[in-house]
Amino acid sequence: MSLLEVENLTTYYKLKEGYVRACENVNLKLEKGEALGLVGESASGKTTAALSLVKLLPDNAEVRAGKISIEGRDISRAMEDELRRIRWKEIAIIFQGAMNALNPVRRVGDQIVEALRIHEKMPEKEACLRTAELFEQVEIDPDRVREYPHEFSGGMRQRVMIAMAVACNPKIVIGDEPTTALDVMVQAQVLQLLEKLRRELQMGMILITHDLSVVGETCDRVAVMYAGRIVETGPTEKVFENPAHPYTRALIAAFPNIEGKRYLAQSIPGNPPNLLNPPAGCRFHERCSQIIGPCSEKDPTAVEVSTGHMASCHLLGRL
Amino acid sequence: MDINNRGDEQLELLKVSNLEVHFAARQGFLSSLLNKQPKQVRAVDGLDFSIRKGEILCLAGESGSGKTTTGKAILRLVEPTGGEVCFKGEDVIAFNRQRLRRFRQEAQIIFQDPYESLNPRQTVFSTVAEPLEVNRICKNNEQIEERVIEALTDAGLSNPQELFLRYPHELSGGQRQRLAIAGALVVKPDFIMADEPVSMLDLSIRAGILKLMVDLRDQKGISYLFITHDLSLAWLVSDRIAIMYLGKIVELGSADTVIRQPLHPYTRALVSVIPVLKRVMPSDKKLLQGETPDPVNIPTGCRFHPRCPEAQSRCREEEPLYREVMPGHYGACHFI
Amino acid sequence: MPSSVYSKDNLRLLKKNLRSFWDIYRQNTMGLIGLCILCFFTLLAFLGPRLVDVTTYVVDGVTQTMHPPVSGYWLGTDNLGRDILAGVVIGTQVSLLVGVAAATISMTIGTVIGIVAGFYGKLADKLLMRFTDVFLVIPWLPLVLAMAALLGPSLGNIIFVIGITSWAGTARIIRSQTLSVKERPYVERARAIGSSGTHIMLRHILPNVFPLIYANTILVAAIAILSETTLSFLGMGDPTRISWGMMLHYAYEMGAVISRAWWWLLPPGICVVLVVLGFTFIGFALDEVLNPKLRRRDR
């Protein structure tokens, strides 16, 4: 039994022009203590997929289908009350740019203490102790709990948000571009911290990112999304060394590798399709350099390339 | 496509010496009541470098290093408080209004965010035609239209006429940045300052924009000052790289030597965290502690010493000299 | 090659802009109600005199005075035997004219002062804003009354007085928006291509504060109509032109309240309320349509 299992998750956004098919038939699996990278470019549906798990979506979103289970317990039909319990205690989220979400006129420590008291019903003293402990866990001097957010740098504030996320020992942490707005050096520090926490607390982690290197450096498995669908998934090393889908191949080729030759890769021609009216067949076929007959007609099915490494491409079926 | 160093050794297009941009720090209400002297922000604190004709020089550093301010000071979008900027042998800081206007056609700028750097209420045509109209470069409307079409085509936008009446929000991210580039190209500049031109774009369209910029250098001999925080990008497109820390250049050299044989401890740390597509042993990363300090309180001596893993007592007291360590490779550290 | 990107295509552009504007605007119920109200009154102003016999708004000594509504005199008559319906129709023209003209004056002053102060900053900003503050803090009604009394009661003067006293709030709003727009990278880009200050203000700042100007003009028009009504009601109106305020003034003076002549008081009163409501609805709707941050998500 996996920690998290997602089957056929489909979420649409309703607009007056019709439905935006933001994420369709997404299947994910996460084991205890494992890190999964969900990568894709902007508007590929990666955030929608992850936020659909806990139904933290805008009002016009509709989760059409999908079975979500945590340790075998189905939560896809959970009501708002139950979801509220699940969020934070079982699935915690670190949002993009979350470091700006701290209230600027209240002490950083007080904000965590308050959250613990309200959500965890923790007595004040215990909450204070726990806050200090959390600060230590995210490598901030616990004496700084009495400072205000503006006295913290961007990286420190992101650490505070991470502390907040792991405060209730969640089983799963979802990081939505947790390092995007940070400097390279700070980004490396924060990623290392997340890695350390995952080991210590044995959490499952889903990292949503557009940055392949974040996945390469921290995730055990990767799922590549394109235009609302997962096109390839598998152990990170296998996928990166041996990409099976043309899209993944192009993405990896476009990544500058300082250990290789100085070379400007070809960019993928065209733009991602409009998800209001996506093309028939494989969503990537309009930009793909290797299309064959069925690409523009039939949806490709996932093919197992090697153990645990799946890709959805018609080319693979023919081999 | 392989990128070689094609900078022409003889022709120095732009020479910056001892450039300084200081401004008064914003004061709190209380301290202004108490009539305290405003503190100085030393955003750019003495820079020396030059850009040859047809060269791409990359200015890399973390946020707060002063790289963007440097770029703006060169174009006099921010007034430098000291030092010299020479463009084609002329002193840019001494330019009068008329000469400055002409300079603005010779030196152009491309901004980071193609969503913010284009006027949302200006059509594609009017965005590209504007520099021509402002500077009265063309005699008539036909000529303007010709130049606009040429610039859009050069920027890699096919069927430019169909785009004329579109608004920026009707274009994709890549198209927008190409439009911004067309807006710079239309006046046929010799020099473009590109401030993080691809950092907001998806990986799959990044390469196209970078390739376009390099191609323009190859075909039209345009020189670039390429500002980025991403060292792997810097290495990919530029001929030479300058690493900035807290308003100063700590290292400058050819792209390959700076990345492959970095001299300065700061560069070494930055290079060690350049992302690669595989798991890296944490011990291989030279993570620096803390973050870049505020340019209001610049440390004494070597400004990097509080974070430097190799700092010694000399670093606290004596500011290292920026000198040529090896031919064409400059650095500012006592121990290189 | 088409030679006239400038003339022919501008027309196409205008059409395109209008179409996309209308596509969003028509989803706004409040805006549509406001638009209907205003269309009705505009038609009334232009076509009213052809549909209703406005010559009945005269003192002929024949028509019965103070008569409640009857056939022929659908809204009754006043103390001099004048047809109230005819009065309301004539008053529409005056009220709309005052609203639009005064709002235009006020917007022009407010926009110019706001943009110039915001764009140049420093001393220009300080001087212009202190000047604006003066107009903001002076109690409005006494100032208007004093000016109207000084200039004499003609329609032109009333428009001028209302226009000149109601721009201060607009100037403040436009200035703050200018301050934010001028920090955008595209303004910096405009500087980098050598544009002059005037060019930047006209080409980059004005179009981007325009949504605010639209919405504000409409709201100021509502206030202007109300001001004209107030002035006329207080007897400062143009005695040669009949407006709704003037009708209310006469009705009040001639004891319509005491004699319970509701047909004399209500029609002009309701008209004022409706027109002001119409303008306000449109103003709010425009604000919502042109300001994407306020736009609600479709459900």
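Just a few scattered comments:
- Its residues counted as N, segment A:1-143 yields a C-alpha radius of gyration over 2.2 N^0.38 Å of 1.23.
- Dividing the radius of gyration of the alpha carbons in segment C:70-216 by their Kirkwood radius gives 1.18 for Rg/Rh.
- Listing of segment A:28-68 residues, each with accessible area lower by at least 30 Å² in the full protein assembly than in the chain alone (probe 1.4 Å): A:Glu41, A:Asp59, A:Asn60
- Taking 19 Å as the cut-off, the amide N atoms of segment C:261-285 that come nearer than this to a point 7 Å along the Cα-to-beta-carbon line of C:Thr29 belong to C:277-285.
- Rolling a 1.4 Å probe over the protein heavy atoms of the protein assembly as shown, with every protein chain left in place, gives an accessible area that is 55 percent carbon and sulfur.
- Spatial separation of Cα centroids for segment B:190-215 and segment C:139-200, in angstrom: 42
- Segment A:227-319, relative contact order [Cα under 8 Å, separation at least 6], %: 34
- Spin-label model, C:Arg50 to C:Thr198: label points 7 Å out along the Cα-to-beta-carbon direction sit 4.4 nm apart.
- For A:Val303, the residues whose modelled amide H falls within less than 5 Å of its own, excluding neighbours fewer than 5 places apart on the same chain, are A:Ala311, A:Ser312, A:Cys313.
- In this entry, chain C is assigned a mean projected area of 21.3 nm², taken as a quarter of its C-alpha convex hull surface.
- The protein assembly as shown: Rg to Rh, with Rh as the Kirkwood radius over Cα pairs: 1.03
- Taking chain B as a whole, the Cys residues whose C-beta sits 4.7 Å or farther from every other Cys C-beta are B:Cys58, B:Cys86, B:Cys138, B:Cys308, B:Cys333.
- In segment B:194-319, the ratio of gyration radius to Kirkwood radius, Rg to Rh, stands at 1.01 when only Cα atoms are counted.
- Taking trypsin sites (Lys or Arg not before Pro) as exposed when DSSP calls them loop and at most 11 other C-beta atoms lie within 10 angstrom, chain A has its longest site-free stretch at A:122-260.
- Ellipticity estimate at 222 nm from DSSP helix runs (n ≥ 4, -39,500 (n - 2.57)) divided over chain A, nearest 500: -9500 deg cm²/dmol
- Here r is the Cβ-Cβ distance between C:Leu18 and A:Lys298 and R0 is 25 Å; the resulting FRET efficiency, rounded to 0.05, is 0.05.
- With R₀ set to 60 Å, the beta-carbon distance separating C:Glu253 from C:Tyr120 gives a calculated FRET efficiency near 0.75.
- Probe 1.4 Å, accessible area per residue of segment C:35-290, Å²: 44
- Backbone N atoms of segment B:189-209 closer than 19 Å to the 7 Å Cα→Cβ label point of B:Glu146 belong to residues B:189.
- Taking the centroid of alpha carbons for each part, segment A:170-228 and segment A:78-114 are 18 Å apart.
- Accessible area (Å², per residue) of segment B:219-336, counting only protein heavy atoms and a probe of 1.4 Å: 41
- Summarising the overall dimensions of segment A:178-319 from its C-alpha atoms, the Rg and Dmax are 16.7, 50 angstrom.
- Segment B:251-300 versus segment C:210-245: alpha-carbon centroid distance in Å: 67
- Histogrammed with a bin width of 20 Å, the alpha carbon distances of chain B distribute as 29, 55, 15, 0 percent, first bin at zero.
- Computed 3J(HN,Hα) for segment C:273-281, one whole-Hz value per residue from the Karplus formula 6.51 cos²θ - 1.76 cosθ + 1.60 where θ = phi - 60°, is 4, 5, 5, 4, 4, x, 4, 5, 4, glycine and proline marked x.
- Contact order normalised by residue count of segment C:35-290, Cα under 8 Å, 6+ apart, percent: 25
- Buried accessible surface for the B/A chain pair comes to about 4100 Å², total over both chains, computed with a 1.4 Å probe.
- Candidates B:Leu236, B:Leu185, B:Leu14: whichever shows maximal mean-square fluctuation once chain B is modelled as a Gaussian network with Cα springs under 10 Å: B:Leu236
- If the chain linking B:Gln312 and B:Arg136 were pulled fully straight, counting 0.36 nm for each residue of separation and taking away their Cα-Cα distance, it would gain 57.5 nm.
- In loop segments of segment B:68-152 as defined by DSSP, the chymotrypsin sites (Phe, Trp or Tyr not before Pro) with at most 16 further C-beta atoms inside 10 Å of their C-beta are B:Tyr115.
- Pairs beyond 30 Å (Cα-Cα), from B:Lys39/B:Lys286; A:Lys46/B:Lys278; A:Lys196/B:Lys39; A:Lys46/A:Lys125: B:Lys39/B:Lys286; A:Lys196/B:Lys39; A:Lys46/A:Lys125
- The Cα-based radius of gyration and maximum Cα-Cα distance (Dmax) for segment A:158-234 are 12.7, 35 Å.
- Diffusion coefficient (Stokes-Einstein, Kirkwood radius over C-alpha pairs, 37 °C, 0.692 mPa s) for chain A: 158 µm²/s, rounded to a whole number.
- Per residue, the average separation of C-alpha pairs within less than 8 Å and at least 6 apart gives segment B:267-319 a relative contact order of 28 percent.
- Averaged over its residues, chain A has an accessible area of 44 Å² per residue, based on protein heavy atoms and a 1.4 Å probe.
The values are calculated or read from the model by the stated rules, or taken from the named source; none is laboratory data. This structure is a prediction, so every number in the text was calculated from the model and none was measured. Because the Cβ atoms are built from the backbone with ideal geometry, glycine has one as well, and the counts that use them run over all protein chains shown. Side chains are part of the model used for accessible areas, which takes the heavy atoms of the whole protein and leaves out ligands, DNA and RNA. Shrake-Rupley method; radii C 1.70, N 1.55, O 1.52, S 1.80 Å.
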